[in-house]
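Comments concern the structure below.
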Amino acid sequence: RARQVPVKVIPSMSEVLEGKASMRLEEVSVEDLLGRPPVAAQNLADDYVRGKRVLITGAGGSIGSELCRQVLGMDPAQLILFGHGENSLHKIHQELCARHAHYAERILIVVGSVADEIRVWQAFSEYRPQIVFHAAAHKHVPIMEANVAEAVQNNVLGTHNVAGACGRARVERMVLISTDKAVYPSSIMGATKWLCEETLNALAEKFPATRYVTVRFGNVLGSRGSVVPIFREQIRRGGPVTVTHPEMTRYFMSIPEAVHLVLQAGALGKSRDLFLLEMGTPVKIVDLARDMIRLCGFTPDEEIPIVFTGLRPGEKMHESLTTDESVMEPSSCAGLAYVRRRPHFSPEEFSPILPRLRALAEESDAASLLAYMSELVPTIEVDWSKQPVSAGR
């Protein structure tokens, strides 16, 4: 550091001899920021993926693209990449075809939004997937606070469209990617993901032939829009690195680690099962920032300053993994825990919720939509002084 020499990593000789790595210097990876060894779970997923038609929503995103990589290594009959961003879909498609040229004809791109029920059903009826991983979602908390209707359309109604299509098409398994922000949700994004979990519970009774499984985890290191690429760019510019609060904490996993465990949950889960990825202890965001600054060869608070900016709309200081009413139990797979909880709504109680949300979202009546969301999810924190007043309130 004194001589401003960048830090690099070289693989172990055993990794090189076993063909797991090449003998070359690499940048320090985001996994080195976890503060714990990655979870080493056994692979239970090959049997239920091999020879099956697999559809992944949000396939161009951070989690979706890694799902594509790992699923393709399990020899599916077909891999259908469903997503809204054609450029990100093209990028992962090109990567997969380059790595697995013999699979190129089995990898298909379907451009569409999960919020478009007709387009979702077109994809299901044409390609007849047997396994579905639902990773498509709007995830940025402050942005969704200002775009309530879109959050509901994409996250809640989009999940209902995909889950309903799974049931109608008699898909074998659907795995929903959820978040720890669905626990005591205070933000719009967290509330929509909580409603996504309730949607699967309701549809599981309506479509017993489909196994609906939910996996919940925290922040993912290095995903698009997460703190790691933001901090990296701020450090590259010479700082400052911006952190919301000195005491803010989050649970973290690496992308490959999270996706591997998602695949295992699909193997283990029965319908309505909720799994939680075991992520160790929460990490202080400011400690993560300081680690990144050091790994980039600088001294935090001296060469690269850290500035605290205050909590943003919808953000919590700390996330929870389960509610007080839930019970965590170990599973047979290391790194995965069952969460035993009762659904908040019965299928009959949930039945009128989706039509009401759909109508309000289509009207883009943010105030009425927030009022209704607050009835459904009492833990949402809404600053009504900053919201437009609608005729319905």
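Table for the structure above
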item	result
Environment charge of Val377, counting only residues whose C-beta is closer than 11 Å and scoring Lys/Arg +1, Asp/Glu -1	-2
Extension gain, Asn43 back to Asp116 (0.36 nm per residue minus Cα-Cα distance, nm)	22.8 nm
Cα point-scatterer Debye curve for region 123-239, base-10 log of I(q)/I(0) at q = 0.16 Å⁻¹	-0.77
Solvent-accessible area, 1.4 Å probe, carbon plus sulfur percent, for the chain	51
Global size of region 274-335 as Cα Rg and Dmax, reported in angstrom	17.0, 47
Relative contact order for the chain, counting Cα pairs under 8 Å that sit 6 or more residues apart, in percent	17
Rounded to whole Hz, the Karplus (6.51, -1.76, 1.60) HN-Hα couplings of region 233-240, x for glycine and proline	5, 5, 5, 4, 7, x, x, x
Cross-link table Lys8/Lys193; Lys91/Lys206; Lys91/Lys139; Lys52/Lys91; Lys139/Lys270, entries beyond 29 Å C-alpha to C-alpha	Lys8/Lys193; Lys91/Lys206
Alpha carbon Rg of region 204-284, scaled by the compact-globule rule 2.2 N^0.38 Å	1.46
Calculated [θ] (222 nm, deg cm²/dmol) that DSSP helices of n ≥ 4 give over the chain, each run adding -39,500 (n - 2.57)	-10500 deg cm²/dmol
Accessible-area value, Ser88, 1.4 Å probe, nucleic acids and ligands omitted, Å²	30
Within the chain: Cβ-based charge dipole about Cα centre, in debye rounded to nearest 20 (Lys, Arg +1; Asp, Glu -1)	620
List Thr323, Thr179, ordered by accessible area with a 1.4 Å probe, largest first	Thr323, Thr179
Region 202-272 and region 327-363: distance between their alpha carbon centers, rounded to Å	18
Cleavage-rule hits (trypsin sites (Lys or Arg not before Pro)) in region 193-266: DSSP loop, at most 12 neighbouring Cβ within 10 angstrom	Arg237
Per residue accessible area in Å² of the chain, where ligands, DNA and RNA are left out and the probe is 1.4 Å	46
Furthest towards positive pole of dipole, Leu288, Ile353, Ser186, structure part the chain, Cβ charges	Leu288
Nearest-20 debye value, region 47-122 charge dipole, Cβ charges on Lys, Arg, Asp, Glu	160
Förster-model FRET efficiency, 35 Å R0, Asp301 and Ser326, C-beta, rounded to 0.05	0.30
Solvent exposure, largest accessible area first (probe 1.4 Å, DNA, RNA and ligands not counted), of Lys316, Lys284	Lys284, Lys316
Hydrodynamic radius of the chain per Kirkwood, over alpha carbon pairs, in Å	22.1
Built amide H within the under 5 Å cut-off of Val283, gap 5+	Arg250, Tyr251, Phe252
Intensity falloff of region 55-132 expressed as log10 I(q)/I(0), Debye formula with alpha-carbon point scatterers, at q = 0.17 Å⁻¹	-0.57
Cα→Cβ-extended label distance, 7 Å offset, between Glu105 and Glu375, nm	5.5
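The values are calculated or read from the model by the stated rules, or taken from the named source; none is laboratory data. For clarity, every value in this text was computed on a predicted model and none was experimentally measured. Glycine gets a Cβ as well: all are built from the backbone with ideal geometry, and neighbour counts include every protein chain shown. Remember, those area values only see protein heavy atoms, side chains included, never the ligands or the DNA or RNA. Shrake-Rupley method; radii C 1.70, N 1.55, O 1.52, S 1.80 Å.
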